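One structure below.
The values are calculated or read from the model by the stated rules, or taken from the named source; none is laboratory data. What you see is a predicted model, and the numbers here were worked out from it, not measured in a lab. No Cβ is skipped: glycine too gets one built from the backbone with ideal geometry, and neighbour counts run over all protein chains shown. SASA here: full protein model, heavy atoms, side chains in, ligands and nucleic acids out. Shrake-Rupley method; radii C 1.70, N 1.55, O 1.52, S 1.80 Å.
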Amino acid sequence: MNQAARRIGRTLAFVLPVVLILSGTLAVTAVPWAGNSGDSVLTASSKNASSQAGHRPQHEVLRDQLLSELQEKDPGVALTDLQEAITERPSLARHCASIARALGRAAVAKYGGAAHRAHAFSRPVCDTSFASGVAQAN
């Protein structure tokens with residue numbers, strides 16, 4: 001009986017850590033760390049490694065989205081979305097002025113150099129940087 005208990009104890013001492021490590025690893029990979037449930041820690045290191053090297057900062061992505069939105073709709077919509085993005089992600093606030101100026105220059109370009117048409121959409125987003133961008137475009 002004593003030998004059987006010793007054998008069971010040794011088996012558990014070997015198997016239990018292996019089971020705990022595997023279950024912990026599987027639990028960690030199932031957590032959506034980046035907010036995207038399709039990516040796990042293990043797959044991110046294998047298939048997304050090359051795309052991570054070309055990762056663009058959030059403010060550049062936001063600027064490009066707003067510039068394309070300005071072209072599709074109007075500058076007012078893009079400025080509203082800029083203000084909402086800054087409110088949702090305060091870390092983007094330091095880039096707000098440069099994005100708003102870029103929107104101002106793009107608005108003038110959209111309306112064929114008519115600064116008065118672009119200036120009509122001006123609002124106090126990011127300390128009137130949009131109006132500054134409109135003025136710079138002239």
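Structure notes:
- Figure note: K73, K110 ranked by solvent-accessible area, largest first, 1.4 Å probe, ligands and nucleic acids not counted: K73, K110.
- Remark: spin-label model distance V77-L20 equals 5.7 nm, labels positioned 7 Å along the Cα→Cβ axis.
- Computed with a 1.4 Å probe on the full set of protein chains, the accessible area for T87 sits at about 100 Å².
- Normalised per residue, the accessible area of region 49-138 is 56 Å², obtained with a 1.4 Å probe and no contribution from ligands, DNA or RNA.
- Residue-wise HN-Hα couplings along region 93-102, as the Karplus relation 6.51 cos²θ - 1.76 cosθ + 1.60 with θ = phi - 60° gives them from phi, are 4, 5, 9, 4, 4, 5, 5, 5, 5, 4 Hz; Gly and Pro carry x.
- When a 1.4 Å probe is rolled over the protein heavy atoms, the share of accessible surface on region 49-137 that falls to carbon and sulfur comes to 50 percent.
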